[in-house]
Amino acid sequence: MGEQKIQGSHISNTFKLWLVATIFSLTFFHIYALSHYPETDIVSNEILLGVVLILVGYLWVQELRDRYRLQKINTALIKAQGQLQHAEIATISTLVLTEEAKDHYVRGHSKRVTRCALEIAQELGYSEEECRIIERAGILHDIGKIGISDVILHKPDKLNEEEWAAIKKHPRRATEILEPLKFLTKEKEMICHHHERFDGKGYPDGLKNEEIPLGARILAVADTFDAMNSERPYRKPLPEEKTISELRDASGSQLDPLIVKTFLGLLKKKPSLWER
Ligand SMILES: [Fe+2]
């Protein structure tokens, strides 16, 4: 990132005040002289007008230069802030992808969830900025699993109550990990609620229907699809027809029916979404 040198105003505010005071004093002195000594031409009107116009013009030019300089500084700051945020997201995304790469069963999961979620968002007419938010939320959605024991994550048998409680903490844990990244407000909301169910029986808050942020409902469909379409320690990937029928069954109970319908349409149009 290039070094940005921020300079102060070209002329100080005190100097500006002195100039304005001088203009007023000259004008006042001239009016006073005209009214009290009308016969005496102390300073001609033309000279005084010229001096005042030069001073006003000088002030005006300096003001414009200051505004232009401030505008340039603002643009540079916004650009630098964007680059900094991008670097922070890239660092934390690398952490997630590195964690996943170590585990055969979830390798590429976040990327595939992001791909499916982005396709749904685009199909629903999301703007470019909204798609970027979905993309970041998709990559980071399971970051809360960092710290959960591999024994629990890879357990081929049914989880006991305690282990299940540990798993259920991961959406909230994700928002805690991402807490310092203040600019990820919407992403954190989506991540926190990607395991809510449309019927209100999900976690962490038991939100239902439209109470669940739309982005979280999109992530839920993409996440559920990828879970069924991937190998797990306890089973092979489900056959395509089974995955489709499971998605239909979950529509309206676990998942938002509109998003499921949109996604099923996309699976027909874009068979590449099945790629693991
Ligand atoms: Fe999750």
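Over 25 Å between C-alpha atoms is what I'm after, so list which of Lys79/Lys270; Lys111/Lys188; Lys102/Lys186; Lys182/Lys261; Lys208/Lys268; Lys79/Lys188 land there. Violating the 25 Å Cα-Cα cut-off are Lys79/Lys270; Lys102/Lys186; Lys182/Lys261; Lys208/Lys268.
With a Förster radius of 25 Å applied to the C-beta separation of Asp157 and Ser245, the computed FRET efficiency comes to 0.50.
Which order do Thr114, Thr243 fall in if you start with the one that has the fewest other Cβ atoms within 10 Å?
Thr243, Thr114
Rg/Rh for the chain (Cα atoms only, Rh after Kirkwood) is 1.36.
Whole-percent P(r), the stretch 184-236, all Cα pairs, 5 Å bins from 0: 5, 22, 26, 20, 14, 10, 4, 0. With R₀ fixed at 45 Å, the C-beta to C-beta distance from Leu124 to Val52 puts the FRET efficiency at about 0.15.
Taking all Cα pairs closer than 8 Å and separated by 6 or more residues, the relative contact order of the chain comes to 14 percent. Angle check, please: helix 257-269 long axis (alpha carbons) against the longest principal axis of the chain (alpha carbons), in degrees 0 to 90, nearest 10. Here the helix axis deviates by roughly 80 degrees.
Can you sort His141, His195 from fewest to most other Cβ atoms within 10 Å of each residue's own Cβ?
Ascending number of Cβ neighbours within 10 Å: His195, His141.
Report the equivalent ellipsoid semi-axes for the stretch 13-81 in whole Å, largest first, defined as the square roots of five times the eigenvalues of the gyration tensor built from alpha carbon atoms.
40, 10, 6
Only alpha carbons enter this Debye calculation for the stretch 81-172, each as an equal point scatterer, and the log10 of I(q)/I(0) it gives at q = 0.13 Å⁻¹ is -0.53. Legend: ranking of residues Met228, Met190 from fewest to most surrounding C-beta atoms inside 10 Å; resulting order Met228, Met190.
Segment Tyr37..Asn209, full-extension length gain: 53.4 nm, with 0.36 nm per residue of separation and the alpha-carbon distance subtracted.
Here the label points at Arg67 and Leu84, each 7 Å from Cα along the C-beta direction, are separated by 2.8 nm in the simple model. A convex hull fitted to the Cα coordinates of the stretch 150-204 yields 95 cubic angstrom per residue. A Förster radius of 25 Å, combined with the Cβ-Cβ distance separating Glu179 from Ser149, puts the computed FRET efficiency at roughly 0.65. Relative intensity of the stretch 67-226 on a log10 scale, I(q)/I(0) at q = 0.11, 0.12, 0.17 Å⁻¹, equals -0.48, -0.56, -1.04, per a Debye sum over C-alpha point scatterers of equal strength in the absence of solvent.
Coordinate-derived values only; no laboratory data. Predicted, not measured: the structure shown is a model, and the values here were computed from it. Using ideal geometry, Cβ is built from the backbone for each residue, glycine included, and neighbour counts are taken over all protein chains shown.
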